[in-house]
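Q: Structure below; questions to follow.
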Protein chains: 2
Amino acid sequence: MYVIAVYDVNEKRVGKMLKLCRRYLNWIQNSVFEGEITPVKLQEMVVEANKIMQKEEDSLILFKSRDARWLDKEVIGLERMSTDNFL
Amino acid sequence: MYVIAVYDVNEKRVGKMLKLCRRYLNWIQNSVFEGEITPVKLQEMVVEANKIMQKEEDSLILFKSRDARWLDKEVIGLERMSTDNFL
């Protein structure tokens, strides 16, 4: 499946979340990641994210699509590397 | 069409971008918006965004889907209001 993940966490936890998401997805902007991932791997990422996050303060939003072709991506302005997948 | 918009702009321009995106979409997290929008309205938003953004420094990413049902959204942790559409 294809996933877009966006987190908003307290500054103290940004580093950990960034590192975690990079293990599973491609970094495309600030706190935004995308990529193909299996449901099992995604579940694993969510479990790990829950260990890092403080529920009252942090959030992680996942947009899931069965196929990346159902989504059309457009980047306006600065385009970051979208291939820094450190898996 | 259904759109997810995520921006990463210099602090100085965050206020303007927030205000702009809120005019067209629903705010769901930090710099993340989503909503149903017509292609014409989206184009209008992009034109306005281009006036605010500095191309070398800022970015706006749009994920477009013909139908919101093709995307499954999951929120982990804090869920913000998703109904603050000020259109």
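The values are calculated or read from the model by the stated rules, or taken from the named source; none is laboratory data. Only a predicted model underlies this, so the values are computations on that prediction, with no experimental measurement involved. Glycine gets a Cβ as well: all are built from the backbone with ideal geometry, and neighbour counts include every protein chain shown. When the accessible area is computed, the model is the full protein with side chains, heavy atoms only, and any ligands, DNA or RNA have been set aside. Shrake-Rupley method; radii C 1.70, N 1.55, O 1.52, S 1.80 Å.
Q: Considering only segment A:62-73, state which residues are in a strand (DSSP E or B) and open to solvent by 10 Å² or more (accessible area, probe 1.4 Å). Spell out how you get there, then give the answer.
A: Kept after step one, since they are in a strand (DSSP E or B), are these residues of segment A:62-73: A:62-65, A:72-73.
Passing the criteria: A:64, A:72, A:73.
Q: Identify, from the list B:62, B:20, the residue that is modelled with pLDDT of 95 or more and within 24 Å of residue A:70 (Cβ to Cβ).
A: Working: B:20 fails: within 24 Å of residue A:70 (Cβ to Cβ).
Testing whether each residue is modelled with pLDDT of 95 or more and within 24 Å of residue A:70 (Cβ to Cβ) leaves just B:62.
Q: Considering only segment A:55-71, I want to know if a residue exists there that is polar (S, T, N, Q), facing another protein chain (nearest Cβ under 7 Å) and free of Cβ contacts under 8 Å to residues at least 12 places away in the same chain. Can you show your working first?
A: Looking only at segment A:55-71, we keep the residues that are polar (S, T, N, Q), and these are A:59, A:65.
Narrowing the set further to residues that are facing another protein chain (nearest Cβ under 7 Å) leaves A:59, A:65.
Next, only the ones that are free of Cβ contacts under 8 Å to residues at least 12 places away in the same chain stay: none.
No, every residue in segment A:55-71 fails to be polar (S, T, N, Q), facing another protein chain (nearest Cβ under 7 Å) and free of Cβ contacts under 8 Å to residues at least 12 places away in the same chain.
Q: Also, I was wondering about something else. In a strand (DSSP E or B), of a type outside the set (Phe, Trp, Tyr) and within 11 Å of chain B (Cβ to nearest Cβ), is that true of residue A:42?
A: Values: in a strand (DSSP E or B): no; of a type outside the set (Phe, Trp, Tyr): yes; within 11 Å of chain B (Cβ to nearest Cβ): yes.
When the stated conditions are applied, residue A:42 does not pass them.
Q: For residues in segment B:25-39 being away from every other protein chain (no Cβ under 12 Å) and farther than 28 Å from residue A:57 by Cβ, which is least open to solvent (accessible area, probe 1.4 Å)?
A: Checked segment B:25-39; the qualifying residue least open to solvent (accessible area, probe 1.4 Å) is B:37.
Q: Still on this structure, please answer the following. Which of the residues that make up segment B:46-61 are surrounded by fewer than 21 Cβ atoms within 10 Å (Cβ to Cβ) and of a type in the set (A, V, I, L, M)?
A: Those that are surrounded by fewer than 21 Cβ atoms within 10 Å (Cβ to Cβ) and of a type in the set (A, V, I, L, M): B:46, B:47, B:52.
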